1. With a cap of 12 neighbouring Cβ atoms within 10 Å, and only residues DSSP puts in a loop, list the trypsin sites (Lys or Arg not before Pro) found in the stretch 1-96.
2. Per residue of the chain, what 222 nm ellipticity follows from adding -39500 (n - 2.57) for every DSSP H run with n ≥ 4, rounded to the nearest 500?
3. Tell me the chymotrypsin sites (Phe, Trp or Tyr not before Pro) within the stretch 51-159 that lie in a loop according to DSSP and have at most 16 other beta-carbon atoms within 10 Å.
4. Taking the dipole about the Cα centre of the stretch 35-170, with the C-beta of Lys and Arg at +1 and of Asp and Glu at -1, give me whichever of Ser167, His148, Gly47 is farthest to the positive side.
5. Assuming 0.36 nm per residue, please report the length gained on full extension of the stretch Val50 to Ala135 beyond their Cα-Cα distance.
6. Would you mind calculating the relative contact order of the chain from Cα pairs under 8 angstrom and at least 6 residues apart, reporting the percent as a whole number?
7. The stretch 119-159 to the stretch 50-83: how many Å between their Cα centroids?
8. Which one is right for this structure if mean projected area of the Cα convex hull in nm² is calculated from it: [x] 13.3; [y] 17.4; [z] 9.3?
Amino acid sequence: ASFPFHPELIKVLDSKLSTIPNFQRTRGALRLLAHVIRGLWEKRESGVFVIHLHGVDLARPEIAQELTSRLDRSAFESVIRADIAAAPGALAAHAQRTDTESGAPHPYAERAATAIFLHSLTAGVPGVPLAELLASVLTPGDDPAVVHRLIGKLEEAAWYLDTSAASYRF
């Protein structure tokens, strides 16, 4: 029913980001999705069947800006650059380094970190439980054990990641 968007992306846009006062529910969502789709179009990765939470490429400055300064969440810029996705030309962020060191076929740590980030933008929300995180990160053919292992490595490496209360949150 939500094709070509993964249901978790629609849920985050509708249930979480739309509760932020500065996020314009329709216009903000469309502007963000336009940036996301443009990024996916430019990459032209094979095997992308739906647009997942991790399709929100936080390495792209315009997407990072939409989700930080435009929403009065400027403090999250350092979270993105240190733990999730470095700016083009900068040293790799912790999730990116975790993925490089793992040799996994996809950037699972960065995918997970992006999903956690999007679940973290609303105040008072405890974060995302592991089962929900895995459901938003996995794609057909992925090995859940590998993804789970890399999420554990991300926990060890990330500076801003909070795993208390049986959930993940930046």
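Bear in mind these aren't lab numbers, they're just calculated from the coordinates by the rules spelled out. As the structure is a prediction and not an experimental result, all values here were calculated from the model. All Cβ positions, even for glycine, are placed from backbone atoms using ideal geometry, and neighbour counts span all protein chains on display.
1. Loop-located and lightly packed - Arg44.
2. Calculated from helices alone, the mean residue ellipticity at 222 nm is -13500 deg cm²/dmol.
3. For chymotrypsin sites (Phe, Trp or Tyr not before Pro) across the stretch 51-159 that sit outside H, G, I, E and B with at most 16 neighbouring Cβ atoms in 10 Å, the list reads Trp159.
4. It is Gly47.
5. So the extension gain works out to 29.3 nm.
6. In percent, rounded to a whole number, it is 21.
7. 17
8. Correct label is [z].
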